[in-house]
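Everything on this sheet refers to the single structure shown next.
Here, each number is a calculation from the coordinates, and none is a lab measurement. Predicted model only: the values in this text are computed from it and were never measured. Ideal geometry is used to build each Cβ from the backbone, glycine not excepted, and the neighbour counts take in all protein chains shown.
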Amino acid sequence: MTEHPEIISLIALSMGAAWASGINLYAALFVLGWLGSSGNIVLPEQLMILTEPVVMAAAAFMYMVEFFADKTPGLDTGWDAIHTFVRIPAGAVLAANALGDVSPAMELAAGLVGGALATTSHLTKAGSRVLINTSPEPVTNWSASISEDVLVIAGLWTALHYPVAFLILLVLMVLLMAWLLPRIWRGIRLLAGKVRGWFAATKVSEPTAPTKALPPSPPPARELPPSSHS
């Protein structure tokens, strides 16, 4: 009877780490490392490296960098674009290692599902930020960023303490993200079309240089009548 709850807890930790990595990888790493080092949770052996002080310090430093980059309109989109190549692989690795000592097949399966989950949460975050950045005021951007940080910390805490509840909420979040992503993509396409239209209108409205007038062509020469010789 003790194995069943333990498996559920490991699955919740695995999928929770992958989902959180797609939104804020450094916050997820620091929270897991801090909870493991403080004795609040027992991490699998493969994740104990997160409790190392140097790893926690690096995660905390990068979280502070992301804290400000993620709240600057425009810069956050560039940051998200770069971290496409960081968050998704890290989410897959965390998901695979969070299961502990399992068969290579189970580890690979967890990595594949975790990578897909990290991709989904990352694309939802990055795409929504592109649309939010169309607003000139910074309040919406700051509100979204802080909400994401709180969501990551609360989600990991729920996954570690209430794994069944987290897995249910995770299924609902995946359904919500699957509903949102096509709409976010349509919004980005409309935005890109408007930007192209602005550039096209700017080119049309630019004054063209006056063409140099050509000199008038000389009148055609009159033909002389043929002379008659008698």
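Ranked by Cβ crowding within 10 angstrom, fewest neighbours first, how are R87, R183 ordered? Intermediate results must be reported in sequence, preceding the final value.
Details: R87 26, R183 12.
Placing the least packed residue first, the sequence is R183, R87.
Counting other beta carbons within 10 Å of each Cβ, put L10, L117, L29 in order, fewest first.
Fewest-to-most Cβ neighbours within 10 Å comes out as L10, L29, L117.
Using alpha carbons only, how many angstrom separate the centre of the stretch 130-164 from the centre of the stretch 55-115?
16
Taking the Cα centre of the stretch 1-147 as the origin, how large is its charge dipole in debye, to the nearest 20, when only Lys and Arg (+1) and Asp and Glu (-1) carry charge on their Cβ atoms?
On the way: 4 positive and 11 negative charges, 80 e Å.
Here the size comes out at about 380 debye.
Label 7 Å along Cα→Cβ of V55; the stretch 68-97 residues with amide nitrogen under 16 Å?
Inside the label zone: 90-97.
Please find, in a Gaussian network model of the chain (springs between Cα atoms separated by less than 10 Å), the residue of F61, F199, F166 whose mean-square fluctuation is greatest.
With Cα springs under 10 Å in the chain, the top fluctuation among F61, F199, F166 is at F199.
Run the simple label-point estimate for R186 and F68 please: 7 Å along Cα→C-beta, distance reported in nm.
Between R186 and F68, the label points sit 4.0 nm apart.
Please give the length that would be gained between V150 and S103 if that part of the chain were fully extended, namely 0.36 nm times their separation in residues minus their C-alpha to C-alpha distance (nm, one decimal). Intermediate values should be presented prior to the final figure.
Values: separation 47, 0.36 × 47 = 16.92 nm, distance 3.41 nm.
Stretched out fully, the V150 to S103 stretch lengthens by 13.5 nm.
Peptides 50-59, 125-134, 172-181, 92-101: what's the order by average Cβ count within 10 Å, highest mean first? If you can, show how the numbers build up before the last one.
Values: 50-59: 15.1, 125-134: 18.1, 172-181: 13.3, 92-101: 22.0.
Highest to lowest by the protection proxy: 92-101, 125-134, 50-59, 172-181.
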